[in-house]
Amino acid sequence: MSNNRAVRTAVVLGACVALAACAGAPVDERPVVRIVEAAQLSPAIPLGRFLPTAQELSATLGTGPHGFLGQLVEGDADMLLRNVGDAQATPPGCVGTAYRLQKIVYDATPVQSVASSSWAGGEFDGPPVSGFFGVVQMASAADADEFFAATTDNWRRCNGQTVVLQQPGLGAEEVSRISDVGFDRRVVSASVLHASAGSASAPGMRALGVVGDCIVDVELSDPRAAGGASPAVGVAELILDKIAAQR
């Protein structure tokens, strides 16, 4: 047998031995269990400390020292407002733009806690300025970001829309015109003009912002404003900064 043939024979025999050894080795076919850490939900916390004080609102809005805060309302999702019911407003996707802190808007989200308050201010010789401010804590920052992204898209599509709200108890309709929708990195805003029974209220301003697992919901009425919702954005930024600094 030549040397080359001998080498080839040795290689083949070696491969056969190796394959036989592999074929005879036991194979562990048990399923591999991998433990994936579950997403951590935010524990519900009191939110009242994040709402603006009368002094902070007066400074932000330039209304002078004569301001009064309403009672703090704090609790779970039951603290959301129910001024607008199912199928009561058209188009339904614009309810959150026209009306503040409505339960119907937040119903599909994992709300952990809610805090809200109202405020009235202004100089004695000037027009009154009023506002309503709320903070909604979601189960996680991802939930808050998802809600804010969907809300921003809704508000953009509602720009120029008119919301008609049926008021069965009053036998009348309220019509709300949405305009001036604006957006920056963490706040979406809009101007809203409400009218009922032929009379219009003072121009309203809406702003909604996100920070961490919290949504900030602001409604403001300021007859001094020249247009747009910048005062409401200023208040929303004030609350967002307080949350960011304290959590």
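The values are calculated or read from the model by the stated rules, or taken from the named source; none is laboratory data. These numbers come from a predicted model, not from an experiment. Note that we place each Cβ from the backbone using ideal geometry, even for glycine, and neighbour counts take in every protein chain shown.
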Given the conditions (1) in contact with a strand residue (DSSP E or B) (Cβ under 7 Å, 6 or more places away or on another chain); (2) part of a loop (DSSP other than H, G, I, E, B), which single one is not true for residue 137? (2)
Residue identified as among the hydrophobic types (A, V, I, L, M, F, W, C), crowded, with 22+ Cβ neighbours inside 10 Å and touching a Leu at 6+ places or on another chain (Cβ under 9 Å) among 175, 218: 218
When both residues are 6+ apart or on different chains and their Cβ atoms are under 7 Å apart, which pairs have a first residue that lies in segment 41-54 and is closer than 20 Å to residue 237 by Cα, and a second that is among the β-branched types (Val, Ile, Thr) and at pLDDT below 95? none
Looking at segment 79-89 only, could you name the residues that are touching a residue at least 12 places away in the same chain (Cβ under 8 Å) and either of a type in the set (Gly, Ala, Ser) or loosely packed, with under 14 Cβ neighbours inside 10 Å (or both)? 82, 85, 86, 89
Looking at the structure I just gave you, is residue 149 within 20 Å of residue 196 (Cα to Cα) and of a type in the set (A, V, I, L, M)? no
Name the pairs: first residue in segment 61-76 and without any contact (Cβ under 8 Å) to a residue 12 or more places away in the chain, second residue among the aromatic types (Phe, Trp, Tyr), Cβ to Cβ under 9 Å, at least 6 apart or on different chains? none
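If the requirement is being under 18 Å from residue 97 (Cα atoms), touching a residue at least 12 places away in the same chain (Cβ under 8 Å), under 20 Å from the mean Cα position of the chain (by Cα) and not in a helix (DSSP H, G or I), which of these qualifies: 216, 175, 233, 163?
Result: 216 is the single residue among 216, 175, 233, 163 that is under 18 Å from residue 97 (Cα atoms), touching a residue at least 12 places away in the same chain (Cβ under 8 Å), under 20 Å from the mean Cα position of the chain (by Cα) and not in a helix (DSSP H, G or I).
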Pull up segment 61-70, narrow it to residues that are modelled with pLDDT under 95 and surrounded by fewer than 16 Cβ atoms within 10 Å (Cβ to Cβ), then point me to the one that is nearest to residue 114 (Cα to Cα). 68
Out of all the residues in segment 96-131, which are surrounded by 15 or more Cβ atoms within 10 Å (Cβ to Cβ), among the hydrophobic types (A, V, I, L, M, F, W, C) and either more than 16 Å from residue 207 (Cβ to Cβ) or in contact with a His (Cβ under 8 Å, 6 or more places away or on another chain) (or both)? 98, 104, 111, 114, 115, 120
Reported set for segment 90-134 where residues are among the small types (Gly, Ala, Ser) and either in a helix (DSSP H, G or I) or touching a residue at least 60 places away in the same chain (Cβ under 8 Å) (or both) is 93, 96, 98, 113, 115, 116, 117, 121, 126, 130, 131, 134
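Let's see how each residue does on (1) over 15 Å from residue 190 (Cβ atoms); (2) modelled with pLDDT of 95 or more; (3) not hydrophobic (A, V, I, L, M, F, W, C):
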{"site": "88", "(1), (2), (3)": "yes, no, yes"}
{"site": "93", "(1), (2), (3)": "no, yes, yes"}
{"site": "98", "(1), (2), (3)": "no, yes, no"}
{"site": "105", "(1), (2), (3)": "no, yes, no"}
{"site": "115", "(1), (2), (3)": "yes, yes, no"}
{"site": "149", "(1), (2), (3)": "yes, yes, no"}
Return yes or no: is residue 42 hydroxyl-bearing (Ser, Thr, Tyr), outside any helix (DSSP H, G or I), modelled with pLDDT under 95 and under 20 Å from the mean Cα position of the chain (by Cα)? yes
